[in-house]
Each structure stands twice: as structure tokens, then as C-alpha cells.
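Data first, discussion second: the structure below is written as C-alpha cells.
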Amino acid sequence: MSAIALLTDHYRYYLYSRPTDMRKSFDGLYGIIKNELGTTIAERDVFVFLNKECTHIKLLLQEPDGFTLLYRRLHKGRFSRPFAQPGTDSIQISSSDLLSLLARLQWHRRDRSL
């Protein structure tokens, strides 16, 4: 079992900003990371994917002995998709941001000019 269930700052979290087909599994999600984001998944990286309706979420993590995939589906309500700059395919988020997302808290824009 993976330590990812702890959702600590030990990991780097990247939220894919476009809607994802939740029928994708390990190879399909890795294909998005490699082909659309132009990167590879490293140990301690967690990529987070939401579907169009924001009712399903998947987390993909590479560990030394393979991939771990966590999947959550809501029966009621939606996850809140954070704001992304136009043309941005992924957003780096913190573990507390991810926990807020999973708890379905609303995201707020931060004015970095203050």
C-alpha cells in the first residue's frame, strides 16, 4: 500500500487543468502526462485529474515498484476546479490545496500583487 493516502507535503501535486476521461487508467493517464504535459512522472509526484462534471477525481503516483491510482466518485455535489491561467495545462498545488479539493471546499483567486 502506498503512503500517498497520507497526502503530505512529502509529495509534489500537479492538477491537470483540462477535463479528463475517467475511463483512462494507468497508461492513459501517464499518456496525458507524457504527451500533453511533455513531462514524465517522477517519484514523489502526484498528478490529479478531474472529469468534465467535476464528480470524479483520480490521483496517479509513481513509486519505486510501480504506479498507484486512487479514484473517488461523488454521488452528490461536485469538486471545485481551481482557476488556471489560459494556456496552462497543469497547476502545482499543495497538500492542503488537495485536501481542500477532496473536501469540496471552494477555491479563491489569490491576488499576488498585494
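Read-outs throughout are calculated quantities, based only on the coordinates presented, and are distinct from any laboratory measurement. Values in this document were obtained by computation on a predicted structure and should not be read as measured data. Glycine gets a Cβ as well: all are built from the backbone with ideal geometry, and neighbour counts include every protein chain shown.
Quick notes on this one:
- Spatially proximal aspartates and glutamates relative to residue 76 (Cα-Cα < 12 Å; intrachain offsets below 8 disregarded): 53
- For the chain, with +1 on Lys and Arg beta carbons and -1 on Asp and Glu, the positive-most of 11, 99, 54 along the dipole: 54
- Förster radius 25 Å - calculated FRET efficiency between residue 12 and residue 55, Cβ distance, rounded to 0.05: 0.45
- Panel order for 52, 76, 24, 58, by other beta carbons found within 10 Å of each beta carbon, from fewest to most: 76, 52, 24, 58.
- Here the spin labels are modelled as points 7 Å beyond Cα on the Cα-Cβ line, and at residue 99 and residue 83 they lie 2.4 nm apart.
- Contact order for the chain, expressed relative to its length and based on alpha carbon pairs under 8 Å spaced 6+ residues apart, stands at 29 percent.
- Here the 3J(HN,Hα) profile of the range 47-58, calculated from phi with Karplus coefficients 6.51, -1.76 and 1.60 at θ = phi - 60°, is 9, 10, 10, 10, 7, 4, 7, 6, 10, 10, 9, 10 Hz, Gly and Pro shown as x.
- Residue 45/residue 75 FRET efficiency (R0 35 Å; Cβ-Cβ; nearest 0.05): 0.75
- The chain - mean residue ellipticity at 222 nm from DSSP helices (-39,500 (n - 2.57) per run, n ≥ 4, rounded to 500): -3000 deg cm²/dmol
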